[in-house]
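The values are calculated or read from the model by the stated rules, or taken from the named source; none is laboratory data. Just so it is clear, the structure is predicted and the values come from calculations on it, not from any experiment. Positions of Cβ are generated from backbone atoms using ideal geometry, with glycine treated the same way; all protein chains shown enter the neighbour counts. In case anyone asks, the SASA skips ligands and DNA or RNA and just uses the protein heavy atoms, side chains included. Shrake-Rupley method; radii C 1.70, N 1.55, O 1.52, S 1.80 Å.
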Amino acid sequence: MLHRSARKLLARTHVLQCPLWSHEPLLNPVDSSAAAARVVSTLTSRTLDRDHSSNSDNVGYHWPITPRKGTSWRQQSYSTGFQKVGALQQGMAEMVSHVIPMPSDIRYADLIVKRSDHLQEKPSLDPLGLKFGALYTDHMLQVSWKEGSGWTAPSIDPVAPMTLHPCAQVLHYGSCCFEGMKAYKDKDQHLRLFRPDMNMDRLSRSAACLTLPEFDKVELLECIKELVRVERDWVPAKEGFSLYIRPTIIGTHPFLGLSPTREAMLFVVLSPVGPYFPGGLKPIKLFVETEVVRAYPGGVGDKKVGGNYAPTMLPQLRSTQRGCSQALYVLQDGHPGGGIVGESGAMNIFFLFQQEGMMELVTPPLNGLILPGVTRDTILTIARDFGNMKVSERQLRFGEIEDAAKTGRLLEVFGTGTACAVQPVTGLLKNDNTEITIPFDSEAAAHWLAKLPGMALAQPGTDEPFSLCGRLTRILLDYQYGNVESPWSVPIDP
């Protein structure tokens, strides 16, 4: 009886990754029997240890017993992932009478879906009308956390305003971190994510530096996948269009003192977006910002926290007033070779130089000042596979850029990011209004963008025009939309 009860319990945990429905068969009965035997042995030994212990109050055994309130299309379950079975609950209580609730983590098996009764009309696929971040889907994912009790059951709900106490820490001290990722619909109408594991890793690192709570990255990603599946009609079925995904964690504890977070909320909203360049690759100009510092050694420049972005709004405004799209941040340290080149607004930055005997693609290193961009890492990997250029992550001083431009060795400059993918740059405007002009061949870029899926991966022909921006953009799109088989493109359809 004890063996059967433990086996039923294991069938409802994530150890075996069993189906969500309690009436479905086990995926691997052989494994579950062996695992059940281990649980029986463990429970029995712990119970005996407790019974024979001289200090039973210090037994290090915890068992979740508090069921989640409310029901949904999913069965009622514990916030730790165990589904409620009446007879089993009683049997477990008899076996382990000294029970202490355990803080819970985010579990996909606990997810509750509440669909909206008022769905919006889906937007037309107008590249000019579908502006980035201006429109939101019908549903959002949300889950709360509290010190001592852990995460509540995650839920997908209709998008609605949130209520915060006016003393919530996020409103006073900026305890907020977020991610930016996208869902795509391939030629067969299947939903895909692009390297989502990297987004979950980065969100976890960002949260840790703000004392925001840890979370199960795999389980959260499964919840996000379900949200995208619920909103699949919002994912545009056309290359260049996508569904932007914004996971966010905020500190909600109502306390004006400066202290680690004791309460938090994690939520995810979705926004359909059109192509960043409605008319193809459109180059921009950057203002060289030497007075404002985006990140400083020892800071949090490598984390995606809200405090890294709000202070850049004024430099961004000044850049646009001078005819530039974004700012390129250059950290002045008194070096005769010029300041240290950092990021450009919300983009990582790349420079292609003609060195002695070969080309070199350079981007600043991950030294704590640079956000480890998903697109950045992808571009580095693709470029290294080309085999016809040196690819470097190294410190770059602005004087080297100026010298290369003067001698005609600066071949291309571009930024990378989730929003823009690959963004060519044709000008760097300095504070004294002098401008560094950078070459960009729009016809060559268009040649590469027009390539059939997978063809840009092949070595270029001797008569083909050169455009690193164009070739990288075509290959990146092929990976994102699943035109080329790759572990980077993750299908999420059931």
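A few remarks follow.
- When residue 382 is tested against (1) more than 13 Å from residue 351 (Cα to Cα); (2) modelled with pLDDT of 95 or more; (3) within 24 Å of the chain's Cα centre (by Cα); (4) open to solvent by 70 Å² or more (accessible area, probe 1.4 Å), just one condition goes unmet, and that condition is (4).
- Here the condition is being open to solvent by 10 Å² or more (accessible area, probe 1.4 Å) and closer than 17 Å to residue 184 by Cβ; of 463, 493, 441, it holds for 493 alone.
- Candidate set: the stretch 158-181, residues that are under 22 Å from the mean Cα position of the chain (by Cα) and open to solvent by less than 20 Å² (accessible area, probe 1.4 Å); chosen: the one farthest from residue 420 (Cα to Cα): 175
- Residues of the stretch 390-406 classified as open to solvent by less than 10 Å² (accessible area, probe 1.4 Å) and under 24 Å from residue 371 (Cα atoms), total: 2
- Yes/no for residue 128 being open to solvent by 10 Å² or more (accessible area, probe 1.4 Å), modelled with pLDDT under 95, in a loop (DSSP other than H, G, I, E, B) and aliphatic (A, V, I, L, M): yes
- Residue in the stretch 175-193 that is assigned to a loop (DSSP other than H, G, I, E, B), over 26 Å from residue 232 (Cα atoms) and among the small types (Gly, Ala, Ser) present: yes
- Taking each residue of the stretch 285-310 that is closer than 13 Å to residue 333 by Cα and looking for partners that are exposed (fewer than 15 other Cβ atoms within 10 Å of the Cβ) and among the polar types (S, T, N, Q) with beta-carbon atoms closer than 6 Å, six or more apart or interchain, yields 290/332.
- Residue count for the stretch 251-284, restricted to those that are surrounded by 15 or more Cβ atoms within 10 Å (Cβ to Cβ), among the aliphatic types (A, V, I, L, M) and in a loop (DSSP other than H, G, I, E, B): 1.
- Members of the stretch 333-367 found to be in a loop (DSSP other than H, G, I, E, B), at pLDDT 95 or above and touching a Pro at 6+ places or on another chain (Cβ under 9 Å), listed by number: 366
- Among all positions in the stretch 285-301, there is no residue which is basic (Lys, Arg), in a loop (DSSP other than H, G, I, E, B) and either open to solvent by less than 20 Å² (accessible area, probe 1.4 Å) or modelled with pLDDT of 95 or more (or both).
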